Amino acid sequence: MDGNKRIFYFSPTGNCRDIAYGIADEEITDLTLPSGRSPTVFSENDDCVFVFPVYNRSVPDVCAEYLKKADGHGAKATFICVYGGVTKGKSLFRVAALAKKSGFRPEKGIYVAAEHCYCDKNKIPPVQEKLPKIVSFLNGENGDGKKFRLKKLKNFSTLQKYLKIFTGKCTFSAEKCSSCGKCLAVCPTGAIRNDLTADSDCILCSACVHACPAKARKLRFNLPFLKNVLNALSKDGKTEFFSFE
């Protein structure tokens, strides 16, 4: 990495955060909560890394919206998409194409497999074990990765909304709830109402499930067999490296 190094991450459950802090000790910006997504000024001297999770084969809409509103001013950009070892779709290439449209210069991309919030038994090694290869690639020490020509940007949200119908929803048990408010504090989209139920802005990130000390919150599948499918498929997915043309 050259120039003014800047790291940005969106991390409701911690995997993207661990990667962000593991690859550099430079300027790091947390985009997880709305308060951290204030407009950022970029310049052609910036060398940026964006670390985003993959939900329903794409990056979350809030991450896409952040880049849409940004003016890259020719800043270099590398994207790390962290997926659950099951489905990553074309998330990396979509977010890089979006950044290019917003004035960034996408140079590199990485897919990293990490813990999947829906799986009962995690079979994927922690992201910390993959940091040496990631840092080596970012520093240009282990080749350029696979070449990929960025194509025309496709819609981010349509596929996500369609898949969400089948995936499920976040449920809440009033009987178990201790009214501690931790779920409200960690929700990245403000989707939790005053009665602590989740509305349509919920992105199924599992942040509130992880934060709830009373285990009053959980993710439920609309089609229960899908959870078994994810558990069966979850494995040590590849860490893949790309350079954009």
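The values are calculated or read from the model by the stated rules, or taken from the named source; none is laboratory data. Owing to the predicted nature of the structure, the values given are computational and were not obtained by experimental measurement. All Cβ positions, glycine included, derive from the backbone under ideal geometry; neighbour counts span all protein chains shown. To get the accessible areas, we keep the full protein, side chains included, count just its heavy atoms, and leave off ligands, DNA and RNA. Shrake-Rupley method; radii C 1.70, N 1.55, O 1.52, S 1.80 Å.
To keep it simple, each residue is scored yes or no on (1) within 19 Å of GLY36 (Cβ to Cβ); (2) in a loop (DSSP other than H, G, I, E, B).
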{"position": "THR171", "(1), (2)": "no, no"}
{"position": "GLU175", "(1), (2)": "no, yes"}
{"position": "GLY190", "(1), (2)": "yes, yes"}
{"position": "ASP195", "(1), (2)": "no, yes"}
{"position": "ILE203", "(1), (2)": "yes, yes"}
{"position": "HIS210", "(1), (2)": "yes, no"}
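Scanning segment 83-94 turns up no residue that is at pLDDT 95 or above and either in a loop (DSSP other than H, G, I, E, B) or open to solvent by less than 20 Å² (accessible area, probe 1.4 Å) (or both).
For GLU141, the criteria (1) surrounded by 14 or more Cβ atoms within 10 Å (Cβ to Cβ); (2) more than 18 Å from the chain's Cα centre (by Cα); (3) acidic (Asp, Glu); (4) modelled with pLDDT under 90 hold in every case but one, which is (1). All conditions in (1) under 21 Å from the mean Cα position of the chain (by Cα); (2) over 21 Å from SER35 (Cβ atoms); (3) charged (D, E, K, R) hold for ASP199, with the sole exception of (2).
Considering only residues that are in a helix (DSSP H, G or I) and over 26 Å from ALA191 (Cβ atoms), look in segment 22-67 and name the one that is modelled with the highest pLDDT.
In this case the residue turns out to be GLY22.
Candidates in segment 95-127 are the residues that are buried (at least 24 other Cβ atoms within 10 Å of the Cβ) and part of a strand (DSSP E or B); of these, the one that is modelled with the lowest pLDDT is ALA113. Annotation note: of THR78, THR32, the sole residue that is out of contact with any His (no Cβ under 9 Å at 6 or more places or on another chain), under 16 Å from LEU150 (Cβ atoms) and of a type in the set (S, T, N, Q) is THR78. Among the residues that make up segment 197-213, is at least one of them surrounded by fewer than 19 Cβ atoms within 10 Å (Cβ to Cβ), modelled with pLDDT of 85 or more, closer than 22 Å to CYS81 by Cα and in contact with an Asp or Glu (Cβ under 9 Å, 6 or more places away or on another chain)? Within segment 197-213 (the criterion being surrounded by fewer than 19 Cβ atoms within 10 Å (Cβ to Cβ), modelled with pLDDT of 85 or more, closer than 22 Å to CYS81 by Cα and in contact with an Asp or Glu (Cβ under 9 Å, 6 or more places away or on another chain)), the answer is no, since none of the residues qualifies. Here SER179 clears all of (1) among the hydroxyl-bearing types (Ser, Thr, Tyr); (2) surrounded by 13 or more Cβ atoms within 10 Å (Cβ to Cβ); (3) assigned to a loop (DSSP other than H, G, I, E, B) except the condition numbered (2). Taking segment 6-22, which residues are open to solvent by 20 Å² or more (accessible area, probe 1.4 Å) and among the polar types (S, T, N, Q)? Result: THR13, ASN15. Per the conditions (1) modelled with pLDDT under 95; (2) farther than 18 Å from VAL127 by Cβ; (3) open to solvent by less than 10 Å² (accessible area, probe 1.4 Å), the sole criterion not satisfied by GLY3 is (3). Can you confirm whether PHE50 is touching a Gly at 6+ places or on another chain (Cβ under 6 Å) and among the aromatic types (Phe, Trp, Tyr)? Spelling it out, it is not the case that PHE50 is touching a Gly at 6+ places or on another chain (Cβ under 6 Å) and among the aromatic types (Phe, Trp, Tyr).
How many residues are farther than 21 Å from GLY103 by Cα and part of a loop (DSSP other than H, G, I, E, B) when one looks only at segment 6-21?
Step one: list which residues in segment 6-21 are farther than 21 Å from GLY103 by Cα, which gives 11-21.
This time we only want the ones that are part of a loop (DSSP other than H, G, I, E, B), so: 11-14.
Residues that pass the stated criteria total 4.
Among the residues of segment 23-41, those that are open to solvent by less than 30 Å² (accessible area, probe 1.4 Å), within 17 Å of the chain's Cα centre (by Cα) and in contact (Cβ under 8 Å) with a residue 24 or more places away in the chain comprise ILE23, LEU31, THR32.
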